[in-house]
Each structure stands twice: as structure tokens, then as C-alpha cells.
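Colleague: Right, I'll just put the structure down here and ask away after.
The values are calculated or read from the model by the stated rules, or taken from the named source; none is laboratory data. This is a predicted model, so every value here is computed, not measured. Reconstructed Cβ throughout: ideal geometry from the backbone, glycine too, with neighbour counts over all protein chains shown.
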């Protein structure tokens, strides 16, 4: 087969514009899921490290959230959101204003990916918060800050800096995991590669192109994350160095 | 509830397929992972660099692309694998790259003196690795290995895209045959995976506690 490779199926139109369109979809999905999962994951982690006795049921609920979404396959979750939740009229009506830009499949994929990743981000951040010495919070409280102000201004910046290598790995995993959305019909890179493959039978060329696109995106992302880690660490703890995230530690 | 009980034998038959897939892939990944991890820890560059290349290449690929690759490209190359075996190869090789990194870290955590003592007693490099270093390293790595295997069990659901008739594929077939009960059917699948994986992760945590003691 390697005698008659036909790279033109991916390097020339229409294959090329298929793949570029797919890459744009994957990139949007990755960026939005990373932002969303950071916000949700931070809230979950904050809830889990709370100590008020009245919040015990919330802590139980949040640890169930984390355990459940980490132990069920992403594909199962995506199919649940797209064929379960997005089959309800209520949800479809709520998503309707977004439909001119994003299809329901895209929104279901984004929702599933965000929630799945948020469970991992929450765990990484929680261990970051717990590795900030307890004295930091106590000193801030003694200095007159309220619990939330101390968390926001003193503990969280340090926790993010400590946990960022681990969180960064989750971002890279999330980027690679965007490829699973092709199973619910989102037109991402892998979906487009499969279209090219089924039209031309050039499996090697089509999937190699998809692979190269992912490798380029992930390498660029890990370089960017390494810069962010360095920036965060020098701001919070001058002189301390932690390992930068390596591409793709988790799948 | 009828939606689940009526289709229970059909769906559970897939659980058996999933188990076979997972066990075979775990065995393959463990063999390859220990081998590549040991190579990754070797002092000779000739041995170490191919291992690093293997690990980096595989870890930079999304699993779904890797599965499609194994299925379509291997068949183009003349290896006519059934979807099941293509799935085993894809999952096994993919996970082996992650295991190799864990094995490498485990080997690095065994004190240098163990090596030197074994070598000084006259054991060859390969025998030292097999009988002295690896057994100690494997014990330290056990929790990380279990969480990698849990990931593999979750990942078996992805080979449904190349047509392996495993548990989740059967659940999807059931779901699209009924069309009216997505919450019951998909919820059932989620609960099955959760029980399996959460049980395993509790087991891993107990293992961790016992090793710390």
C-alpha cells in the first residue's frame, strides 16, 4: 500500500477544507471545554475543601459528582447528553437561541466534555489547595480577611500554581478527548478524516492527517502551558520550580 | 424498568465481551509496558531512545484515532484483524505507553544501592532487573497501575466505533431499538460501569494503604 500513497486526498481540496473545518470545530470544543471545566472544577474543589459542619451534605454530593463522572466512560456520558438530555423538548428549546452558531450535537458534546473534565480538574485543584500550608489561611484570617477573601486572595493563587502541572495535563487530555465527540455526530477532525476515508479508501493518509493535526495542537498547547506554569510560579513563589506538564500524560 | 429487564440478557452478553477485551488488552499492555519501561530505564541510548520514541508517539495520539488506525491501516498492511482483535491491539498498545512511563518512574524509585549490591554479587544486568529491581518497583507502582487499568476498562467502550459488539455497543443498539427510554437504558450502562470501576478504585486504595503500612 505504501507504493501508491495519495496525499492529495488530504492536501488538496475538498479534503483539505474538510480537515481545516474539522480542526476549527475541535479547537473551539477544546477551548470552551477547558474554560468551562476550570470554572466548574474550581467551584467543586472549593466546596469539597469547605469545613463548615452545615455543608457536610454538599461535600458528600460533590464527592459523588467527582467519583461518578470519573468512573463512567466519556463516550457513555456523551451519548447520555446527546440522546438523553437533548431529546427533551425543554432542553432543545433552551438551546435553540444558540443553534444558528452551534448544533445540538456540538452543545451536547461540549456539555459532556466540560463535566467529565471538571471532575478531574476538581481533584487536581483540591490536592493543590490541600498542599498549601494551613498557616497561610490562618494568617490571612488573623490578618482580618474573611474565609472567602482569604481563599480567593491567598490560598487559591498558590493552589493553582502548585496544581497547574496536573491541571495542564487534564487540559491536554481534554483536547485529545474532543475526538470522542465524533461518535455523537459532531463534525470534528476525526469525523472529517473518516469522511475522507470512506470516500477515497485512503485510510492511512486520512488518519495520519488527523493525527498530525492533533499532535500539532497538543504540542503547541503544552508549550503554552509550560509558559503559564513558569509565570504563575515566579509570581507566587519566586525561586520555586516545578516540572512543566508533559504532553498527554492522561488519555 | 421493563426496558432494562426485557433486554438484560442481550446487554449483559456484551459485558462478557467487554471483560474479554479488557483482560486481553491488560495482559498485552502489561507485557509491552514492562518491556518498554525497562528499556526506557536502560543506560544505553540505543535501547533507551526507541522506547522514548514509542512512548511519546503513542501518548500524543487520541485513542479514537489510534483505534481507527489499528483497524484500517493494519488491514491495509495485510494484517487481517477482526474488529475484536484490532480493538485488543489498539487498547493494549495504547495503554502500554502510559504503563511504560509508570514502570520507568517505579524503577527510578528503587534505590541505586540495590542495583550496585546485586551487580557486586555477580548478577548480570538483565537478571538484576528481573529479580531485584522490578519486583520492588512493581510493588510501589501497584496503585498507579490499577488506575491505568480502570482507564482501560472505560476505554473499551470506544471500540464500539469499529463495530466490536461489546457492552456499550449493545446498550446503544437497545437504546435505538426502543427510542423511548434513553434515560433508563443509558443510566443502566452508566451504573454498570460505575460499579465496576469504582469497586476497582476502592480496591486500589486499600492496596495503597496496605503498602504504606
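Colleague: Among the residues of segment B:77-121, count how many are within 16 Å of residue B:39 (Cα to Cα), touching a residue at least 40 places away in the same chain (Cβ under 8 Å) and either surrounded by 14 or more Cβ atoms within 10 Å (Cβ to Cβ) or within 12 Å of another protein chain (Cβ to nearest Cβ) (or both).
Modeller: The total comes to 12.
Colleague: Run residue B:198 past the list (1) within 8 Å of chain A (Cβ to nearest Cβ); (2) touching a residue at least 40 places away in the same chain (Cβ under 8 Å); (3) closer than 22 Å to residue B:99 by Cα and report the number of the one that doesn't hold.
Modeller: Condition not satisfied by residue B:198: (2).
Colleague: Could you say which residue among A:126, A:230 is assigned to a helix (DSSP H, G or I), within 24 Å of the chain's Cα centre (by Cα) and closer than 16 Å to residue A:41 by Cα?
Modeller: Just one listed residue meets the conditions, A:126.
Colleague: What are the pairs with Cβ atoms under 6 angstrom where one residue, in segment B:20-45, is over 11 Å from residue B:91 (Cα atoms) and the other, located anywhere, is assigned to a loop (DSSP other than H, G, I, E, B)? Sequence gap at least six, or different chains.
Modeller: Filtered contacts from segment B:20-45: no entries.
Colleague: Mind listing just one residue for me: the one in segment A:194-207 that is part of a helix (DSSP H, G or I) and more than 8 Å from every other protein chain (Cβ to nearest Cβ) and, of those, farthest from residue A:16 (Cα to Cα)?
Modeller: Checking each candidate, the answer is A:198.
Colleague: Does segment A:103-111 contain any residue that is buried (at least 24 other Cβ atoms within 10 Å of the Cβ), at pLDDT 90 or above, within 14 Å of chain B (Cβ to nearest Cβ) and touching a helix residue (DSSP H, G or I) at 6+ places or on another chain (Cβ under 9 Å)?
Modeller: yes
Colleague: For segment A:44-67, give me the residue count where each residue is within 14 Å of chain B (Cβ to nearest Cβ) and either surrounded by fewer than 17 Cβ atoms within 10 Å (Cβ to Cβ) or touching a strand residue (DSSP E or B) at 6+ places or on another chain (Cβ under 9 Å) (or both).
Modeller: Matching residues across segment A:44-67 total 2.
Colleague: Conditions first: (1) closer than 20 Å to residue A:183 by Cα; (2) more than 14 Å from chain B (Cβ to nearest Cβ); (3) surrounded by 21 or more Cβ atoms within 10 Å (Cβ to Cβ). Residue A:82 passes all but one, so which condition is the exception?
Modeller: Every condition holds for residue A:82 apart from (2).
Colleague: If a residue has to be assigned to a helix (DSSP H, G or I) and either more than 7 Å from chain B (Cβ to nearest Cβ) or within 16 Å of the chain's Cα centre (by Cα) (or both) to count, how many in segment A:183-193 make the cut?
Modeller: Within segment A:183-193, residues that are assigned to a helix (DSSP H, G or I) and either more than 7 Å from chain B (Cβ to nearest Cβ) or within 16 Å of the chain's Cα centre (by Cα) (or both) number 5.
Colleague: Looking at this structure, is residue B:28 surrounded by fewer than 21 Cβ atoms within 10 Å (Cβ to Cβ), assigned to a helix (DSSP H, G or I), more than 19 Å from the chain's Cα centre (by Cα) and more than 14 Å from chain A (Cβ to nearest Cβ)?
Modeller: No.
Colleague: Does residue A:169 qualify as being within 12 Å of chain B (Cβ to nearest Cβ), farther than 23 Å from residue B:169 by Cα and either without any contact (Cβ under 8 Å) to a residue 24 or more places away in the chain or part of a helix (DSSP H, G or I) (or both)?
Modeller: Yes, satisfied.
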